[in-house]
Structures are given as C-alpha cells and as structure tokens.
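These notes are about the structure you will find just below.
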Amino acid sequence: MLDSRAYTEVNAIISALSIHKRNKIPEKVRANIKQKMDKSYVFTIDCNDIKNTILLEDTKKILSVLYVDYFSTYAEREIATKIEKDRYLKEEQLKLKRFPIDVFEKRIKKYRGNG
C-alpha cells in the first residue's frame, strides 16, 4: 500500500501542471488520487525550483506510472515495459533461488503417494 502523503504530493504536482497537461490524466484517475490523499498533510511545490523538491519514494513511483501511462511516447512505453518485465523476471528468479520448487514437488509427490 502506498503512503497517503504521496497522493497529496502527486495532487499538488498535478495542480501545478498546465490545464492541457492536467487534462491528459483522466478525471477518474485524478479523483482517485484526491480520494486517497492525506488531507492533513501539507505539501507545497515551488514551480521555480522543482528539481530541488524532496519527494517521497511513493510519490516518485506514482509519478512514474502517470508519466508512462499519459505523457510518454510509444517508444518510451516500450522501454518502460521491457524494464518492468526484466525486473519482474529477476524477482521471480530470486524467489526460485530462495524457495526451490523441488521442495514443494516432493511434498506433492508424498501427498499423492508417489514419493
């Protein structure tokens, strides 16, 4: 689950966008962000110094998804998809190393009476 403060930061950033860019994000998505944000968390963004703004890690994750889904080019989406697929495969390989399948196969064979 993502930090609700991240949604507050994302909402502030979206609000700072031009109307043209803001409208690229569907209203339903923006409403979902507003619903999930922490109403008591105060976040302000200095549009003149955005590079030095400290953001939560979850904010960066949400912004990355929004960028890929609504602002990126086809080529950028292809690259992002490949990176995500590679990351997923590496995680699955690590899981297999930590929890070898043969352990479960032995239990299944034993349960079925084959081992």
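The values are calculated or read from the model by the stated rules, or taken from the named source; none is laboratory data. Keep in mind that this is a model prediction, so the values were computed, not measured. Every residue, glycine as well, gets a Cβ built from its backbone with ideal geometry; the counts of neighbours run over all protein chains shown.
When you look at Val68, is it under 14 Å from the mean Cα position of the chain (by Cα), farther than 15 Å from Ile13 by Cβ and β-branched (Val, Ile, Thr), yes or no?
So Val68 fits the description; yes.
Being aliphatic (A, V, I, L, M), more than 19 Å from Lys61 (Cβ to Cβ) and touching a residue at least 40 places away in the same chain (Cβ under 8 Å) is the filter here; which residues of segment 11-41 pass it?
none
If you scan segment 89-105, which residues turn out to be part of a helix (DSSP H, G or I) and modelled with pLDDT under 75?
Answer for segment 89-105, where residues must be part of a helix (DSSP H, G or I) and modelled with pLDDT under 75: Ile101, Asp102, Val103, Phe104, Glu105.
State the number of residues belonging to segment 1-42 that are closer than 21 Å to Phe71 by Cβ and either assigned to a helix (DSSP H, G or I) or hydrophobic (A, V, I, L, M, F, W, C) (or both).
Of the residues in segment 1-42, 28 are closer than 21 Å to Phe71 by Cβ and either assigned to a helix (DSSP H, G or I) or hydrophobic (A, V, I, L, M, F, W, C) (or both).
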